[in-house]
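Heads up, the thing below is written out as C-alpha cells.
The values are calculated or read from the model by the stated rules, or taken from the named source; none is laboratory data. Because the structure is a prediction, the values reported are computed rather than measured. Don't worry about glycine lacking a Cβ; one is built from the backbone with ideal geometry, like all the others, and counts go over all protein chains shown. Areas reflect the complete protein model, heavy atoms only, side chains present, ligands, DNA and RNA absent. Shrake-Rupley method; radii C 1.70, N 1.55, O 1.52, S 1.80 Å.
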Amino acid sequence: MSALAVCAALAAGSCAKEVDDTSGEGCLRMTIDIDRLTRAETDAYDPTERSVLRIRNAGGELIRKYEPAKTRPDNLYLIGGEYKLQYESSDGSQATWDHLSYAGEKDFTIKPHETTVVEMKCPIVNSGVKVTFDPSVAEKMEDFRVYVCASDEFSYHDADNGTVPTLRYEADRTGFFLLPEGVSKLSWGFYGKRKDTGADVAVVSTTGHREIVPEAGMLYSLDFKFSDTPDGGLNISVVVEEEGELVDRTIFFSPQPSFAGDGFPIGAVSGYKGGDMSVKVSAINALRSVKLLVDNDEYELMNVTKAGVDGATFALTDECNGVMTLSEAFLSRYGGGIHTIGFKAVDAAAVEGQAKMRIAVQGLFDMDAAHYDLWQNTAELRAAITDETVRNVTIKYRRLGASEWTSILATEGADYTYSALVTPEWSSKTVNGHTVYTLEKGISAENTYEYVLSIDGKDGEVKQFTTETTQTIPHGNMDSEALLCFTTDGSKNAPYWGSGNNSMTPSLCTSSSYPGMGGAHCAKLQATSTLGFMAAGNLFMGTFERSGMNGFVDFGHKYTWQARPAALKLKLHATVGNVNINNYNGPLPTGSSDVATVYVAVVDWNAKHRVTSGTASPTGIWSPADGPDAVSEGKIIGYGLLDITESTAGGSMVETVIPIVWYDRETKPAGNYTLVISCSTSKYGDYMDGCDKNTLYVDDFEWSY
C-alpha cells in the first residue's frame, strides 16, 4: 500500500508575518497526507476536491472550517492553547469500486510567538473486499457471481435489486464499503450453476457465520475455489489483510447439498405423465440425512428399515451422492393441479440444503377461497393439462341440485394451467323509474357447487366446493335482553340496533317472546299514542335521541361486507289495523288499511342519514326504493323492501324472505356507514300516520345467498 502526500510539507522556517510579542498568537503550518490508492481511484474522482478541514478548540468549539481543505492558508495564526485538526474526504459512496473516503485527526498545541508544524496522516476509512476466483470455478461453473452488501443479513432480492449498498463481482476485483448507520457487518452470497449437473449452487453468509465484521482501512479477501477432494467441492476461505501484513483468519466450509431432477428441471413446473421420478442428491461432505417433505411432514429416507412414506426411497451411490426415487404409486396420491414436494439433506459438516420440485398433474385444481369472489360473484375454475394432444378444454359448473350445467371454454396459461372464469348473470326491471338488478347466476356464499373438466368433449370426474362465509347480522337473534334498543333513551349510543323508546313511549321496542321464535327472545314492536300523537313501534340499525317532543333517528352503521346477499331472512308476526291517526297529512287516509314495513339497505355513506319527527312535520323522510341517490350522504347500492298490508295468519311467527335488488352490480361498500335495517309497525309512522294498535314481532335476522 503506497502513500501519496497530497499537500507538500512546508519547510519549518519562520513565518512571513511578524509575530506580535504581546498578542499571545502562534503560527500553525500543517501537512496532510492521505494514504491514497491511486490504482483504485479514477482520474475523474479527486478526493481532495470533496474534503473538509475543521479546527476546534479545547472545548470542541469550531473555530475554522475550510472546504475543500486546500483552500486553507499556508500560515494560520491562533491564540495559544490546545486544538484539534479534523479532516475528512468523501462523496458518501457506501459501495464503490473507486470512490474512496479518507479521514484523520490530530491534537496539537499552539505556543505564543512560536511556529508549530503539524503532520496529519489520513488513512482510508473504507473497508476493502477483494474477491478472487480460482480457475477451477470457471472450469466447473457458469454464470457465477458474488454479491457483497453493506447489510447485517444477506438477501438475494435486496442485493440483486440494489436496495442495500451492493457490489457485484464477476471477476477478480477489489471494492470498498462504508457501513450505513445501524449496520455493523458485510454480508455476501455466491451464486452459480454447475456445468456437469446443471444444479444451482448458492453459498451465503449467515448470521454469526461467514459474514465479515469489518474495521476501517482493512482489506478482506474472499477466495473462491473448488477443492481437489472430493471433486467438485467448493472451498471458500476468508483472509484478512491489515496494513500490508496478512493476518490469516481462514474459515473453511462447504456449500449446501444440492438437488437435481433426473430429466427434468428441479425448480420449474414439470408435467407428470406417469411413471417414477428420480432426484439426484449431491454434497461435498458425506451425506448424513435425506428427508422428504410432504404436507408439512418430514420423512427420513436414509438409514431406515422402512420408509416413512410408501413409494419414496433413497439409495447412496457413494457417501456424498445418492438418488431419491418417487414411485408412480407415491405420485398417484396427487390429484389434478400443481403440487410441491420438498427435499432436505444434511451433510457430515451439519450443512443443510433444501429444494422443491413442482409437478403438474392433469385434472381439476381443488377450489379454494383465493379463487372466488363472493361479492363480485365470480370464480376462476382451473385445471392442469399435461397432454400435448388436447385441443379443447372446457370446465362446466352448476349449483348442487341444479339440473343444467354452464360450460365455459378454458384458456391456456403458464405452467400447464387452464382457466375458466365464472361471471354473474343478472336480470333487470324498473322500480319507481329506476333500473334494479337481480342476480340470477354466479358464485354466491353458503352454497355448494359441482364442477367438471371436459377434454375434447369427454367429461371427467365431478368435483365439489362450498363457499363459506362468517358474515352474520350482529345480534340478529334478538336473544340479548341487554340490547340498547330495548331500553329507554339508550339508543343514542347503540352500537347496532336502536329504537325510538323514550320516557314517554317506553314500549315501542321491548324484549319479548312469541310462538315460533328462535332462541329465548324476540323483539316486540308496539305502536302507541299519547295526547293524540301516534308513535309507531320501531327497530332499526342506527341511533336515536329525543329533544323535548321531537325525536332524531340517524340511520346506518358500519358493516364489513364479505359476500353479496340475495335476501334478508327473518321471522315475524304482524297485527295490522286500519289507520286511526294521521297527524301530518300522511299518505294513508284515516280508515284505510295501515301498512307495516321491514326493509334492508346496502349503502355507501360518508355520514348517517337523519330523520326528525315529533310535534312538527317530519324531515329527512326517505325510502331505499326511491333510487340510488335518495339521500345526500352517499349511494344506495341495493335494497330489499317488504310492505305488510294485513295481519299474519295463525298464532305463530312465520319465516319471511325479502329479496334484495341492486342499483349497482359492482361497488362493494367501504364507506363509514354501509348497512341499514329498519322495521316499523306503520310505514308512515314519521308522519304519525297509522294505527296505534299495530304490533310487529321480529326475530332471527340473517342473510340468504
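Those strands (runs of 3 or more DSSP E) of region 168-257 in which at least 2 residues are at pLDDT below 55 and either touching a Gly at 6+ places or on another chain (Cβ under 6 Å) or open to solvent by 10 Å² or more (accessible area, probe 1.4 Å) (or both), considering only elements entirely within it, cover 245-247.
Test Ala445 against the criterion of being in contact (Cβ under 8 Å) with a residue 40 or more places away in the chain, open to solvent by 20 Å² or more (accessible area, probe 1.4 Å), not polar (S, T, N, Q) and not in a strand (DSSP E or B), and give yes or no. Before the answer, list the steps.
Details: in contact (Cβ under 8 Å) with a residue 40 or more places away in the chain: yes; open to solvent by 20 Å² or more (accessible area, probe 1.4 Å): no; not polar (S, T, N, Q): yes; not in a strand (DSSP E or B): yes.
Spelling it out, it is not the case that Ala445 is in contact (Cβ under 8 Å) with a residue 40 or more places away in the chain, open to solvent by 20 Å² or more (accessible area, probe 1.4 Å), not polar (S, T, N, Q) and not in a strand (DSSP E or B).
Taking the residues in region 491-504 that are among the polar types (S, T, N, Q) and touching a helix residue (DSSP H, G or I) at 6+ places or on another chain (Cβ under 8 Å) as candidates, determine which candidate is farthest from Asp554 (Cα to Cα). Top of the filtered list is Asn501.
Take the conditions closer than 24 Å to Val657 by Cα and among the hydrophobic types (A, V, I, L, M, F, W, C) and apply them to Ala601. Does it pass? Against the criterion (closer than 24 Å to Val657 by Cα and among the hydrophobic types (A, V, I, L, M, F, W, C)), Ala601 qualifies.
Considering region 400-410, and only residues there that are surrounded by 15 or more Cβ atoms within 10 Å (Cβ to Cβ) and part of a strand (DSSP E or B), the residue that is farthest from the chain's Cα centre (by Cα) turns out to be Thr406. Here is a check on your reading of the model: is Val290 assigned to a strand (DSSP E or B), among the hydrophobic types (A, V, I, L, M, F, W, C), open to solvent by less than 20 Å² (accessible area, probe 1.4 Å) and free of Cβ contacts under 8 Å to residues at least 60 places away in the same chain? The answer is yes for Val290.
Please enumerate the residues belonging to region 505-528 that are out of contact with any Gly (no Cβ under 7 Å at 6 or more places or on another chain) and either among the acidic types (Asp, Glu) or in contact (Cβ under 8 Å) with a residue 40 or more places away in the chain (or both). Step through it out loud before you land on a result.
If we filter region 505-528 for residues that are out of contact with any Gly (no Cβ under 7 Å at 6 or more places or on another chain), which is where we start, we get 505-507, 510-514, 516-524, 528.
Scanning region 505-528 gives Ser512, Tyr514, Gly516, Met517, Gly518, Gly519, Ala520, His521, Cys522, Ala523, Lys524, Thr528.
Looking at region 293-308, which of its residues are surrounded by 15 or more Cβ atoms within 10 Å (Cβ to Cβ) and at pLDDT below 90? Listed by number, the list holds a single entry, Ala307. Entry remark, region 604-616: residues being in contact with a helix residue (DSSP H, G or I) (Cβ under 8 Å, 6 or more places away or on another chain) and more than 25 Å from Thr656 (Cβ to Cβ) number 1 in total. Of the residues making up region 491-501, those that are buried (at least 18 other Cβ atoms within 10 Å of the Cβ) and in a loop (DSSP other than H, G, I, E, B) are Ala494, Tyr496, Ser499, Gly500, Asn501.
For region 564-586, a residue qualifies if it is open to solvent by less than 20 Å² (accessible area, probe 1.4 Å), farther than 22 Å from Pro495 by Cβ, touching a Phe, Trp or Tyr at 6+ places or on another chain (Cβ under 7 Å) and not in a strand (DSSP E or B), and the qualifying residues are Arg564, Gly586.
Scanning region 470-490 for residues that are small (Gly, Ala, Ser) and touching a helix residue (DSSP H, G or I) at 6+ places or on another chain (Cβ under 9 Å), we see that the one that is least open to solvent (accessible area, probe 1.4 Å) is Gly490. Among the residues of region 410-421, the ones that are out of contact with any Lys or Arg (no Cβ under 9 Å at 6 or more places or on another chain) and at negative phi come to 4 in all.
Checking Gly192, Gly162 one by one, the residue that is over 30 Å from Met30 (Cα atoms) and within 29 Å of the chain's Cα centre (by Cα) is Gly162 and no other. Pull out all pairs, ordered by first then second residue, where Cβ-Cβ is under 7 Å, the residues are six or more apart or on different chains, the first lies in region 569-580 and is at pLDDT 95 or above, and the second is aromatic (Phe, Trp, Tyr) and surrounded by 22 or more Cβ atoms within 10 Å (Cβ to Cβ). Short answer, once both residue conditions are applied: Leu570/Phe701; Leu572/Tyr697; His573/Tyr697. The criterion of at least 1 residues that are free of Cβ contacts under 8 Å to residues at least 60 places away in the same chain and among the charged types (D, E, K, R) is met by the following strands (runs of 3 or more DSSP E) wholly inside region 51-138: 51-57, 62-66, 81-89, 102-110.
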